[in-house]
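Q: Here it is, the structure in full.
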Amino acid sequence: MRVVFVGTGAGASFGSKRVRSSIYIKSDEGVSVLLDLGTGANFKLEDLNLLDFSAIFITHLHIDHVSGIFEHLVQRKVLRMSDIPIYSPPGFSKLLSSYKETGNNISAIVYENKLPSAKIGDLEIYSVEACHSIYAVSYIVTDGKKKIIYTGDTLEPCEPILKESKDADLIIHEGTCIEGCEQYGHTSISKLINIFSNRKLIITHIPSQIEDEIKRAAKVFNLAFDGMSVDI
């Protein structure tokens, strides 16, 4: 599978060096899905020519994880693309309806569930509950050979995530601060590097204005950047 880090910035990230959260995953058979689509990531998708995904999966409804979806839905209308399936915890359809009710000609096929899941081509996508400040899920993506977990926003230790991470080939985990962001339902770098192996972990959701400090704190651990791709 190929993983492209479309957007790697945290909600508090300043400027456009790191746009907000979005992960693109493509299977060896050519099937692709998108995990989250935050502010600015919709433009990055266009820059990277990554518009071939078959579904969007949302971890939670904070602005920095969903706001790029609505602009993307406008672009789909302009390009005469088909309606995209969107899998989300409860609440996304209400957001979509509010845009439509105020005159925006956008549409999507929305599936809401406490634990969203789907089979898209050769990819199986399922979720576990995360430990964030609002209801959130983490996604597991597997092609039957390799397993990726994308945490979205969460506070560690989070037992469902730790359980799924044991046999994961790649863990994409948020690293919102060096320390002190636990009260907002986030994981600090200091906590993260004490829990996970650097061989499996790539850190994302990074505030651009403290990127250098996070790099120093993360030591040998890998930090994602916008446009970075890895094959597993």
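Q: THR59's amide H: which non-local residues (gap 5+, or another chain) put their own amide H closer than 5 Å, with H modeled 1.01 Å from N in plane and none for Pro or chain starts?
A: HN-HN under 5 Å from THR59: ASP36.
Q: Another question about this same structure. Cross-link list LYS77/LYS145; LYS26/LYS114; LYS94/LYS147; LYS114/LYS166; LYS17/LYS163: which exceed 28 angstrom alpha carbon to alpha carbon?
A: Violating the 28 Å Cα-Cα cut-off are LYS77/LYS145; LYS94/LYS147; LYS17/LYS163.
Q: Then there is this: Anyone know which of ALA41, ALA218, ALA136 comes out most mobile in the 10 Å Cα GNM of the chain?
A: Judging by the Gaussian network model, the answer is ALA218.
Q: Now a separate question. So what is the relative contact order of the chain, in percent, for Cα pairs below 8 Å that sit 6 or more residues apart?
A: 20 percent
Q: Right, next: Charges on Cβ only, +1 for Lys and Arg, -1 for Asp and Glu, centred on the Cα centroid of region 84-232; of TYR87, GLY121, SER190, which one is farthest towards the dipole's positive end?
A: It is GLY121.
Q: Further question: How large is the charge dipole for the chain, taken about the Cα centre, if only the Cβ atoms of Lys, Arg (+1) and Asp, Glu (-1) carry charge, to the nearest 20 debye?
A: Value, rounded to 20: 140 debye.
Q: Give the long-range amide H neighbours of SER13: residues separated by 5 or more places, or on another chain, with amide H under 5 Å away, using H modelled in the peptide plane at 1.01 Å from N.
A: SER208
Q: Among ILE86, ILE149, ILE195, whose mean-square fluctuation peaks in a Gaussian network model of the chain (Cα, cutoff 10 Å)?
A: Of the options given, ILE195 has the highest mean-square fluctuation.
Q: If you don't mind, there's one more thing I want to ask. Which of VAL230, THR142, LEU201 sits closest to the plus end of the dipole of the chain, meaning its Cα is farthest towards the positive end, when Lys and Arg get +1 and Asp and Glu get -1 on the C-beta?
A: VAL230
Q: Scan [x] 16.4, 49; [y] 22.2, 85; [z] 18.5, 59 for the value of Rg and Dmax of the Cα atoms in Å calculated from this model and give just the label.
A: Computed from these coordinates, Rg and Dmax of the Cα atoms in Å corresponds to label [x].
Since every read-out is calculated from the coordinates, none of them should be taken as a lab result. Predicted, not measured: the structure shown is a model, and the values here were computed from it. Virtual Cβ from ideal backbone geometry, glycine too; neighbours counted across all protein chains shown.
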